[in-house]
Amino acid sequence: MTTTRVLTGITTSGTPHLGNYVGAIRPTVRASRLPQVQSFYFLADYHALIKVGDPARVQRSTLEIAATWLACGLDPEQVTFYRQSDVPEIPELTWFLTCVTGKGVLNRAHAYKASVDKNTAAGEEPDAGVTAGLFMYPVLMGADILLFNAHQVPVGRDQIQHIEMARDMAASFNHLYGEHFTAPQAVVEEHVATLPGLDGRKMSKSYDNTIPLFAPQAQLRKLIMGIVTDSKAPGEPKNTEGSALFQLYQAFASAEETAALAQAYAQGVAWGDAKQRVFERLDQEIAPMREVYERLMQDPARIEDTLKRGAEKARAIATPFMGQLRQAVGLRSLSNGATVAAKHTKTALPSFKQFRGADGKFYFKLVDAQGVLLLESTGFEQPKDAALAIGSLQQLGTAGLVALKAQLLPKADAPTIGAALAALAKR
Ligand code: TRP
């Protein structure tokens with residue numbers, strides 16, 4: 001069995017909430033412990049700059065997200081855990097990929113299109129308020145993925161298109177420069193629950209309805225007490241279906257515990273009591289991690305250290321690979337470039353070919369490096385005469401064309417033939 005490389009990035013633009021934990025962090029940390037998997041997890045802080053213009057928030061979020069993943073059990077010894085901006089090969093590869101990505105492809109990216117649609121609906125210029133950073137977002141993401149030749153990229157449904165674009169970038173680059181990149185595959189966890197937020201809609205920062213994963217215990221309780229329910233009185237049976245509280249519980253509890261809460265619902269448990277039960281169950285899982293999180297947050301230097309070591313591991317792969325890619329696209333040292341060029345011209349030179357015609361006479365032709373016919377001769381009685389004519393052309397170049405005019409049948413224009421002869425003369 002071969003190793004599967006799994007890679008995913010987390011944009012450092014906010015504070016992790018319960019939805020992130022259940023939907024991404026918890027399954028990912030579990031997956032990182034599987035054998036035969038080489039995992040890369042990184043803090044996408046370059047991506048954060050696209051939507052966050054507040055430096056303190058970018059820094060704070062980077063610290064919080066790093067501490068969260070470590071507190072949730074990510075083992076930096078076992079995986080490669082790094083910060084995007086510590087790997088300068090990523091922006092360099094972004095440029096290479098920019099040059100093989102169609103602008104029209106980026107025009108179709110969902111995030112960009114959504115902005116354009118919003119502007120159009122509001123009667124604004126289509127690109128109003130749209131930065132080139134937002135437009136280029138998929139290319140930066142492609143570089144994140146292709147730099148490590150990831151096979152699998154666990155993402156949310158909204159990111160699938162970006163992985164498809166990364167596949168296209170890999171294909172275009174490979175087509176032009178040879179096989180360098182692996183085509184990545186999006187992995188969308190179908191069975192992972194989408195958590196409802198405080199208001200019952202999907203828990204999301206953009207709805208402002210989140211419960212921070214590591215809110216202090218008292219705040220966690222208060223927030224859970226504030227989750228919307230219907231107005232059924234204590235003693236009245238409650239519906240589990242459509243109950244945000246119930247779904248939240250389900251994401252943390254065992255099947256038996258969930259069945260027990262369903263029964264309590266049917267028996268008319270008071271909402272306050274149900275909420276207390278949910279709080280206690282969540283806190284049971286979260287409290288030990290919260291303790292680690294708080295300790296880590298007190299020691300940012302230690303996290304910095306962990307990330308720096310992660311970047312070293314990442315660059316041990318990225319630096320030589322980028323060297324290979326620079327070579328492939330022609331960003332090469334000139335001192336050994338001369339030998340490369342000489343070798344290249346040797347195989348790519350025009351050439352003379354001699355042959356005997358059906359009439360028994362001796363002919364030659366000149367073809368370019370691709371085999372395209374440039375020039376034919378008339379028939380010579382003796383092979384020696386054909387060879388002499390070839391020699392004159394090689395020696396004299398364009399001047400030879402004039403001198404031998406009567407024996408030649410040009411099949412291309414004079415400058416093209418002249419250039420081919422000049423290339424031969426140089427040798
Ligand atoms: N764009 C991703 C998100 O918002 C974050 C991200 C950046 C990412 N680079 C990545 C995810 C590379 C997977 C692979 O969720």
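The values are calculated or read from the model by the stated rules, or taken from the named source; none is laboratory data. Since the model is a prediction, treat every value here as computed from it, not as a measurement. Every residue, glycine among them, receives a Cβ derived from its backbone with ideal geometry; neighbour counts consider all protein chains shown. Surface accessibility is based on the protein's heavy atoms, side chains included, excluding ligands, DNA and RNA. Shrake-Rupley method; radii C 1.70, N 1.55, O 1.52, S 1.80 Å.
Angle between the Cα long axis of helix 255-266 and the longest principal axis of the chain, 0 to 90 degrees, nearest 10?
The helix 255-266 is inclined about 50 degrees to the chain.
Taking θ as phi - 60°, what are the ³J(HN,Hα) couplings along region 316-331 by the Karplus curve (6.51, -1.76, 1.60), each to the nearest whole Hz, with x for Gly and Pro?
Whole-Hz 3J(HN,Hα) from phi for region 316-331: 4, 8, 5, 5, x, 5, 5, x, 4, 5, 4, 4, 4, 8, x, 8.
Collect residues whose amide H, placed 1.01 Å from N in the peptide plane, falls under 5 Å from the amide H of HIS17; neighbours closer than 5 in sequence don't count.
Under 5 Å from the amide H of HIS17 lie the amide H atoms of LEU213, each far enough along the sequence or on another chain.
Taking amide H positions as placed in the peptide plane 1.01 Å from N, state which residues far from ARG5 in sequence (5 or more) or on other chains have amide H under 5 Å from it.
Amide H to amide H, under 5 Å and 5 or more residues apart or across chains, ARG5 pairs with GLN38, HIS151, GLN152.
5 Å is the cut-off here: which amide hydrogens, built 1.01 Å from N in the peptide plane, fall below it relative to LEU375, excluding neighbours closer than 5 in sequence?
Placed amide hydrogens put LEU366, LYS411 under 5 Å from LEU375.
Sort LYS405, LYS365 by accessible area with a 1.4 Å probe, largest first.
LYS405, LYS365
Of the listed peptides 116-125, 407-416, 274-283, what is their order by residue-averaged count of other C-beta atoms within 10 Å, with the highest listed first? Mind dumping the intermediate values first?
On the way: 116-125: 11.6, 407-416: 13.7, 274-283: 18.6.
Listed from highest to lowest mean packing, they are 274-283, 407-416, 116-125.
Regarding region 341-425, what are the three Cα extents along the principal axes, ordered largest first, in Å?
Principal-axis extents of the Cα atoms in region 341-425, largest first: 40, 23, 21 Å.
Over what distance in Å are the Cα centres of region 385-415 and region 229-269 separated?
So the two Cα centres are separated by 94 Å.
Quick one: dipole size for the chain, taken about the Cα centre, charges +1 on Lys/Arg Cβ and -1 on Asp/Glu Cβ, in debye to the nearest 20. Working shown, then result.
Working: 44 positive and 42 negative charges, 302 e Å.
Its charge dipole is roughly 1460 debye.
Taking only DSSP H segments of four or more residues, each worth -39500 (n - 2.57), what value at 222 nm results for the chain once the sum is divided by all its residues, to the nearest 500 deg cm²/dmol?
Details: 17 runs with 222 residues, N = 427.
Taking each H run of at least 4 residues, the total per residue is -16500 deg cm²/dmol.
Between 0 and 90 degrees, rounded to the nearest ten: what's the tilt of helix 414-426 against the longest Cα principal axis of the chain?
Around 90 degrees separate the two axes.
Please state the equivalent ellipsoid semi-axes for the chain: what are the square roots of 5 times the Cα gyration tensor eigenvalues, largest first, in whole Å?
For the chain, the semi-axes come out at 68, 22, 19 Å.
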